[in-house]
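Below is one structure, written out as structure tokens, with a few remarks after it.
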Amino acid sequence: MKQMHGIAASPGIAIGTVFLYQDDTPQVPQYSLAEEAVEEEIRRLQDAVQRAEADIRQIQQENNSRLEKDEQAILDAHLMMLQDPTLFESVHRKLQEDLLNVEWVVHQTVKELMEKLMASGDPYLKERTTDLRDVSKRVLSHLLAHTRVGLESLQEEIILVTHDLMPSDAVTMEKSKVMAIAMDAGGKTSHTAILARSFEIPAVLGLGTVTRMLSGGEVLIVDGNHGVVILDPDDQTLSEYRTMQDEWHEHENQLMRLKNLPAETSDGKLIYLNGNIEVPEEVVSIHSHGADGIGLYRSEFLFLGTHSLPDENEQYGAYRRVLESMQGRPVTIRTLDVGGDKLSTHIDHRDEKNPILGWRAIRMCLSEVDLFKTQLRALLRSSVHGRLQIMFPMISGIPELSRALDLLEEARQELRDREVPFARDIPVGIMIEVPSAALTADALARKVDFFSIGTNDLIQYTLAVDRGNERVAYLYEPFHPGLLKLIRMIIESGHREGIPVAMCGEMAGDPLATVVLLGLGLDQFSMGAVGIPEVKRIIRSASMAEAEELVGSIMEMRTAAEINTAVQGYMKKRFGLDA
Ligand code: PEP
Ligand code: MG
């Protein structure tokens, strides 16, 4: 048994079997087949063998004059192995007996054969194992490419262990089969963490070397509440964690009873509690957790992990679906925020030295005008199906905002020319997530209908700490006095101009920060839907008077550590919150 500590990135506890995912060397998956699927597997095998033969012939042709005699002999031997009926027959027989997928059967048959050859003691036969491994790798690479083995085709429930996970992989993976995620890399506000929370998958990230400790198939406990993973747990630990799992579910069920009650402080301030979503399917969870609306729909996920760029109609369909299913509650859709760590295969993201500071979000949209206007038209068209709000990401100052608003006006005009209807008064807001925007919030507030503070990036850019880098995660401090001052400045600027100020970064969903944010005057909180009930519980038992007093005292402090200690002590004593 071995315990490792990482970052508690998504709550919940899972106990299951490890699936080690390394996208450069794809693991051979194992899954069961129906009897009638065997014929198709045999056909796939024949196809893969033919392709492997064609590869070898091509190497021989292209390198005819350069190949040494020995090398020619090896390739000839490989061709003979591929044509050897014995191997093929034993795979065939196993397929029928075991009813497992062909790549797994090939992998196992070759492994057994290699063990026999090694055990024979005959030096000639032992040497053949290298050839056998090469040949089987070639066949497997064709089989795996064929099935695009990846996380989208998981068949059994597993615990996903990986070095890092691209947001596009996370969004396309077969989520119902992923019980938990354990990762070497990643921070609490990395997009993998955000997606894990959205999909309600417990996750521990930033484990450093977990992939090196495992090879797949082991039992693993992932405790996303405390940021712990336990490898090969003993019976007593397993039973303790099963009890903790039950208690956690009970706690969640209790909170769900608040679902239909308003998030109102004891002295009568009504707060809007909204949900963040990445894909339209999450609307179900938004409803089940009692959100007042959607405060952030990260529309870029429509552009990630897809076969082609979604056109105006496809986008319109997705936005319409979300708006309709929210039945008149507000839905804030953020325009495309790709770049940085969210790369779309359909957009030319050149190799950038500093992608987080590079060509992303609104910057990209303002240079790819057609792409941007297509999205704006789709958004405008969808506005007749619900209460849409449009939000621009990564605005750094007035010129960017003015240009984005001009393009929105052009999109409106294009629809008028096409005689396509759209709502008249769609609120337009911006994310405040770049320090220069926070510092000029007063001027920006005069041009928009609302602000939403994106603390994930605002912390990253204010404290100069990569939000996805576990090595500097200790510097990523939401309670840094500098950050709290910026948040206060943004809220005050918004209020002076009479616009509401929301927050949709992860800080809004951290129960430890709830009373502080209330005291700073935040109007709306938006978070992954699972976080809503706990934040609501705190808001309902807090008063604005105490929140303002708490803020008054912590704003005098000089370090994040001091503020953390004070807030943790307060939240534990007053709301029974465990840090
Ligand atoms: C943020 O930066 O806080 C935010 C909500 O946007 P994202 O996490 O998608 O960058
Ligand atoms: Mg952001």
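The values are calculated or read from the model by the stated rules, or taken from the named source; none is laboratory data. This one's a predicted model, so the numbers in the text were calculated from it and none came from an experiment. As a convention, Cβ positions derive from the backbone with ideal geometry for all residues, glycine included, and neighbour counts pool all protein chains shown. Just the protein is used for accessible areas: all its heavy atoms, side chains included, with ligands, DNA and RNA removed. Shrake-Rupley method; radii C 1.70, N 1.55, O 1.52, S 1.80 Å.
For the reader, a short list of remarks on this structure follows.
- Condition met for residue 443 (under 22 Å from residue 492 (Cα atoms), in a helix (DSSP H, G or I) and within 16 Å of ligand 1 (Cβ to nearest atom)): no
- Candidate set from region 220-270 (those that are assigned to a strand (DSSP E or B) and of a type in the set (A, V, I, L, M)); member that is farthest from the chain's Cα centre (by Cα): 270
- Tallying residues that are surrounded by fewer than 24 Cβ atoms within 10 Å (Cβ to Cβ) and within 22 Å of residue 390 (Cβ to Cβ) within region 493-521 yields 6.
- Which numbered condition residue 552 misses (of (1) without any contact (Cβ under 8 Å) to a residue 60 or more places away in the chain; (2) small (Gly, Ala, Ser); (3) within 16 Å of ligand 1 (Cβ to nearest atom)): (3)
Yes or no, residue by residue, for (1) open to solvent by less than 10 Å² (accessible area, probe 1.4 Å); (2) at pLDDT below 95; (3) outside the structural domain of residue 403 (by TED's automatic domain parsing); (4) within 13 Å of ligand 2 (Cβ to nearest atom):
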site	(1), (2), (3), (4)
426	no, no, no, no
430	yes, no, no, yes
434	no, no, no, yes
446	no, no, no, no
455	yes, no, no, yes
468	no, yes, no, yes
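- Residue check, residue 490 within 14 Å of ligand 2 (Cβ to nearest atom) and either polar (S, T, N, Q) or assigned by TED's automatic domain parsing to the domain that holds residue 362 (or both): no
- Looking only at residues in region 271-293 that are of a type outside the set (S, T, N, Q) and within 16 Å of the chain's Cα centre (by Cα), the one that is nearest to residue 510 (Cα to Cα) is 275.
- Residue 466 touching a residue at least 12 places away in the same chain (Cβ under 8 Å) and part of a loop (DSSP other than H, G, I, E, B): yes
- Residue within region 297-310 that is under 30 Å from residue 260 (Cα atoms), in a strand (DSSP E or B) and within 16 Å of ligand 1 (Cβ to nearest atom) present: yes
- Candidates in region 449-463 are the residues that are in a loop (DSSP other than H, G, I, E, B) and in contact (Cβ under 8 Å) with a residue 60 or more places away in the chain; of these, the one that is nearest to ligand 1 (Cβ to nearest atom) is 454.
To keep it simple, each residue is scored yes or no on (1) away from ligand 2 (no atom under 16 Å from the Cβ); (2) not hydrophobic (A, V, I, L, M, F, W, C).
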site: 472; (1), (2): yes, no
site: 483; (1), (2): no, no
site: 508; (1), (2): no, no
site: 511; (1), (2): yes, yes
site: 521; (1), (2): yes, yes
site: 526; (1), (2): no, yes
